[in-house]
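See structure below.
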Amino acid sequence: MIRLFRLDRASRAAPYQNDVGRPGAFPEHSPASPLSIHDLTVAYHRQPVIWDVDLEIPEGKLVGLIGPNGAGKSTLLKACLELVPVASGLVRVYGQPYSKRRELVGYVPQKESVDWDFPASTLDVVAMGGYHRLGWFRPVNKRCRAESMQALDRLGLSDLAHQQIGQLSGGQQQRAFLARALMQNAKLYLMDEPLAAVDAATETSIVELLREMKQRQKTCLIVHHDLATVTDYFDWIILLNMRVVAAGPTQEVFTQENLRKTYGGNLTILSAAADAVQNAGE
Amino acid sequence: MTELTWQTGDTWIVATGVVCAMACALIGNFLVLRRMSMMSDTISHAVLPGLAITFIVTESRAVVPMFVGAVLAGILTTVLTQWINRFGQVERGAVMGIVFTTFFAAGLLLIEQAGDRVDLDPKCVLFGALELTALDRINLSLGPYEITAPRALIVLSFALILNLLFVAVCYKELRISSFDPELATTLGFNAQIMHYLLMVLVAVTAVAAFEAVGSILVIAMLIVPGATAYLLTDRLGVMIAASMAIAAFCAASGHLATVVLPQWLPIKSVSTSGMMATLAGLVFLVTALFAPRHGVIARRRTKLKRKPWNSERKNSFPFDEKRTCA
Amino acid sequence: MTRTIATLLALGLLIAGRSPSGAAELEAPLPNSDNPAEFPPAAAPGFGEALWEILTLKNYNTRLVILSTSLMGAACGLIGGFLLLRKRSLMGDTLSHATLPGICLAFMFMVALGGNGKNLSGLLLGASLTGLLGCASVLVIRQLTRLKDDAAMGIVLSVFYGLGIVLLSIIQGLPQASAAGLQSFLYGKVASIIFADFIVIALVTVASIVGCVFLYKEFRMLCFDEVFAATQGWPVHLLDIVMLTLVAAVTVVGLQAVGLILVIAFLITPAAAARFWTHHLGAMLAIGALIGSLSGWLGTVLSSLFPRLPAGAVIVLTAAFFFLISMLFGPAKGVSIRLIRHRKLKRKIAKQHLLRAAYEWLEIHDAGQKPEPADNRTIPLESLLKARSWTPRSLQRQLRSAYNHALLERYDSTGLVLSEAGFRQAARATRNHRLWELYLIENAAIAPSHVDRDADTVEHILGEALTRELVKLLPARQSASLDAVPGSPHPLKRNDD
């Protein structure tokens, strides 16, 4: 409660103080933009983690959020979801604060964020995506269960529906989380490293699913770490290292120059990135 | 102003309390730093069956067997906790809860069964009897000197000296293994051995403090001064010194309060050990609010100062090279 | 379904407890025991008779006490399940210790109002209030200072308890009231449970069951993934408060049975034991409630049968016994079941290694011909011993096991002959192994998360289409049939040189 209170106050007070004297402080965001972030700063303890983020994400695109470890990628997602207190700035989901557009946003957290030893089946976990439609007190009904089965089916997990979640492999657990997000039936999806440490089959099926979602005009903001696949997977990317280094269509933004700015002197990653850029150019 | 009724007994009580609090606080610092505060809860409860068995077997209150029994019980708890945690795959906190209650229940059962043969009152287990320790004095001859002091004081002094020796000898190792156990292991200090040594000392201290403050209030003696000092400083040496000063202050003023309060209020008597814990809580509360850097108020202030729309600060915020180039 | 069973069970107990206790019995003389921790002596002439009397619930007091402790156990086991899964087990400990000042304050308050301070509901209300205050303090300390959970709990637990001790010592000095009743909260006092207490216990039990049934889905989500619940708009803090309130209610009621130091065992131990029996949350809660009420029942019976057995301690030890049994033999997660699974897996791997080694020997010694099942050649053990890190003894053991499974035609100390079935299995094991190797070679970069998987059924993991692709990639004899054994992707070593 304390956290929520502080958060509201911060987001209310921020824009007036923050943008005084800044030219173009309030660009007109089109109300259709699924996610617009304006001048967002987040601080843990006393250290700012992300700083002055200004973004507007286009509708119906797969957007990659890319940056080194500790660049604040997950924090940015969490700030959009009001899970961490925001020091200043505002986030708009389809032109409204997140708390008013919650049902339009699906979230896929990192796999490590939960205890997989929990006594629940895969179906139980996926059904959680539909809890908000059920409302208070009502138990999971047949319809919710059937929808969950459909979502599981789309990710090729229907055989494992009644397995305890701890018995799934890492990739299957990740897919179960995606199925749960599908159950939410949102328009904007925020995904925290859905492709981290998954096997080939899972990666293929997740990417397939993402493309299918894009065709249905869903917008996905995906934290990604593998520079080699960036050009394959994303239409639009955001390069983040505490600040936004660059954001835009992949072809324009994914340049060696921008990557060096993002990753600094990290040579191994840089050379890998340069290779990737070259491959993409060919 | 009412007159203070102070007797020699009071001096002995204060001395016992202060030594007890300091011995506990010293070792408690490392529990707080290693995030194992609740282990003190587990061990202090779990030494009860060790004590009870020793009493039943030896039918006396001889100090050495008592310590041996309690330390064995303490080690057994630590080992059991780790085993159930690993092999049973049960969450650590739950394992601690299960193990210590089982041990404590077994201890209670033994005490009840032994009945009159055991000079151990279940109520003493809960409150301690600091007021009575002053009466139970023994003679101790150290070379030419003959000292008459409360038994508990002597036992606690040994515990304090033992803890001081341990911390002095293993200061470096304790610091590194509290900060980063894995790093410590790679550097050749066995963090596991440090862990067990620490647990043994916690058990020894808990047993020594048992008569004085009972098995629950010893947690206050162990944890609260260390936690309070942790809010005051970032340096280990300072933290240890501060925690011991706080502990001594709480113990002394705790007894003072029990002498003074009945004169001011319509109260017959107040438990000294309970008062020590309550005062420690008060000191913690004040520190948590007003500590210079880590206090609640100070933290609020710095946050306000650092609000990014404070334009000067915003522009001067150091984007330090280390972070961007790492 | 399991939820309903638990509900019915508890309701059944409730009704059983209510029906025979008529209004006349309300005035039944209260047992007065000097030692509050001890059950009133059965005072029966013979042990057998005493046992009979207790088991048949003939004695009114026995019936009341046993039903009360069973109900408390059920309520604690149920809510304890959520507490355990929320990883707040020690929070329960903090809560129970923090009830002491509340009990004392409520007593003082009631005495100040002119009562005798022994009203149970009043005492329990005070206990819940400071118990919850303690929990809130832990959360506030964690949120506002740099101290972590453990230190916050240690501080709150011990300081609140210390304050309680101070208040208790003050009450003992009060001229007008005796505090004898209060001390019994420390170690429990099943003996002095009266019908009014029983009603309170039953109400709290029903409330906790109702709470768990209605908020089952909400609590499940909160315990599994708090962050996700928050993003869906569920009021996480409110749910936490409701859960802690339920915990506080059952804790405070449980105080009477086992006392405030041991009540945490009543909460956690049955729930932790139940986790070994099932992977289903509802079933786990029901089993937890069952184990809790069994411990309450058995503990009370035992303490009434033998002298000098404090009921609280016996209940806790009974629960610990159930935990031990569950940990060792629980069918879902128990230690022995996991050991058995592990050994089975080891045996299976060893069998596959043996069969594959045999098949590869045949492959080499048939000079490039595909081995046929009818060959019936004797495979020398010496070459097998070289193929793997087997000792002669372990090899003999595996041969015996394989022979018992009809995989070998015969074997002795020098060689073995595969049976028809053994040959088929050997061919299959070899094929799967080679496909697997190939998959790893082809997809080295992206496959690591699969390496530790059992390659037993390659198709199941990789899918039929991918398997077909792999078969095509294999160098030697490509066969149209998926079942044919492909050649090894790397040269085989002759071990008998």
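The values are calculated or read from the model by the stated rules, or taken from the named source; none is laboratory data. Bear in mind the structure is a predicted one, so any value in this text is a computation, not a measurement. In this analysis, Cβ positions are derived from the backbone assuming ideal geometry, glycine residues included, and neighbour counts consider all displayed protein chains. Ligands, DNA and RNA are excluded from the accessible area calculation, which covers all protein heavy atoms including side chains. Shrake-Rupley method; radii C 1.70, N 1.55, O 1.52, S 1.80 Å.
Ranking B:GLN192, B:MET96, B:ALA129 by how far each Cα lies toward the positive end of the dipole of the stretch B:8-223 (charges on Cβ) leaves B:GLN192 at the top.
Rank these residues by their accessible area, most exposed first, probe 1.4 Å: C:ILE379, B:ILE147.
Listed by decreasing accessible area, they come as B:ILE147, C:ILE379.
Shape of the stretch B:205-274 from its Cα gyration tensor (a ≥ b ≥ c, root eigenvalues): rounded if a/c is under 1.5, otherwise prolate when a/b > b/c, or oblate? Because a/c hits 1.5 or more and a/b fails to exceed b/c, the stretch B:205-274 counts as oblate. Among the protein heavy atoms of the stretch A:170-257, carbon and sulfur supply 42% of the accessible surface, probe 1.4 Å, non-protein parts ignored. Helix B:236-264 axis versus longest C-alpha principal axis of chain B: approximately 50°, rounded to the nearest ten.
Seen against the Cα atoms of chain B and their longest principal axis, helix B:272-290 is set at about 10 degrees.
Given the whole protein assembly as supplied and a 1.4 Å probe, what does the accessible area of B:THR101 come to in Å², nearest 10? Estimated to the nearest 10 Å², B:THR101 gives 0 Å². May I ask you to find the residues of the stretch A:190-210 that are shielded by at least 30 Å² of accessible area once the whole protein assembly is considered instead of their isolated chain (probe 1.4 Å)? So the qualifying set is A:ASP199, A:ALA200. The phi-based Karplus calculation (6.51 cos²θ - 1.76 cosθ + 1.60; θ = phi - 60°) puts the 3J(HN,Hα) values of the stretch B:196-205 at 5, 4, 4, 5, 4, 5, 4, 4, 4, 5 Hz, whole numbers, x for Gly and Pro.
The residues of the stretch C:206-227 listed by number as losing at least 40 Å² of accessible area in the complex, against the isolated chain and with a 1.4 Å probe, are C:PHE214, C:LYS217, C:ARG220, C:PHE224, C:ASP225, C:VAL227. Heavy-atom accessible area for C:LYS148, with the other protein chains in place and a 1.4 Å probe, reaches approximately 80 Å². Taking every residue in B:218-228 and counting other chain Cβ atoms within 10 Å of its Cβ, the average works out to 5.
Its Cα centre serving as origin, chain B has a Cβ charge dipole (Lys and Arg +1, Asp and Glu -1) of approximately 1840 debye. Specify the angular offset, from 0 to 90 degrees and rounded to the nearest 10, of the alpha carbon long axis of helix B:37-58 from the longest principal axis of the alpha carbons in chain B. In chain B, helix B:37-58 runs at an angle near 20 degrees to the longest axis.
Computed with a 1.4 Å probe on the full set of protein chains, the accessible area for C:TYR187 sits at about 40 Å². Overall, the anisotropy analysis places the stretch B:14-92 in the oblate class: the square-rooted eigenvalues a ≥ b ≥ c of its C-alpha gyration tensor yield a/c not less than 1.5, with a/b not exceeding b/c. Between A and C, buried accessible area from a 1.4 angstrom probe totals roughly 3500 Å², ignoring ligands, DNA and RNA. Name the shape class, rounded, prolate or oblate, that the alpha-carbon gyration tensor gives for the stretch B:8-223, where a ≥ b ≥ c are the square roots of its eigenvalues, rounded holds for a/c under 1.5, and otherwise prolate holds if a/b is larger than b/c and oblate otherwise. Oblate, since a/c reaches 1.5 and b/c is not below a/b.
Computed about its Cα centre, the charge dipole of the stretch B:94-243 is approximately 260 debye, with only Lys, Arg, Asp and Glu carrying charge at their Cβ. Here's the picture: charge each Lys and Arg Cβ at +1 and each Asp and Glu Cβ at -1 in the stretch C:61-177, and of C:LEU133, C:LEU113, C:LEU84 the one pushed furthest to the positive end of that dipole is C:LEU84.
Measuring nothing but protein heavy atoms, the accessible surface of the stretch C:239-296 at 1.4 Å probe radius is 87 percent carbon and sulfur.
Per the 1.4 Å probe, what fraction of the accessible area of the stretch B:221-280, in percent, lies on carbon and sulfur atoms? Taking all protein chains in place, the stretch B:221-280 shows 72 percent carbon and sulfur surface. Note on the stretch A:108-183 and the stretch B:127-165: Cα centroid distance 63 Å, given to the nearest whole angstrom.
Give me the summed buried accessible area for the C-B pair, 1.4 Å probe, to the nearest 100 Å². Result for this pair: about 5000 Å² buried. The charge dipole of the stretch A:134-222, taken about its Cα centre with unit charges on the Cβ atoms of Lys, Arg (+1), Asp and Glu (-1) only, comes to about 560 debye.
Measure up A:LYS78/A:LYS187; A:LYS111/C:LYS346; C:LYS148/C:LYS217; A:LYS61/A:LYS187; C:LYS344/C:LYS386; A:LYS100/A:LYS187 against 19 Å on the Cα-Cα distance and list the ones that go over. Beyond 19 Å between Cα atoms: A:LYS111/C:LYS346; C:LYS148/C:LYS217; C:LYS344/C:LYS386. Simple rule: put +1 on each Lys or Arg Cβ and -1 on each Asp or Glu Cβ in chain B, find the dipole, and look at B:VAL68, B:LEU222, B:ILE138; the Cα lying farthest toward the positive end is B:LEU222.
Before I look further, what does chain B give for accessible area per residue, probe 1.4 Å, in whole square angstrom?
Dividing the accessible area of chain B by its residue count gives 44 Å².
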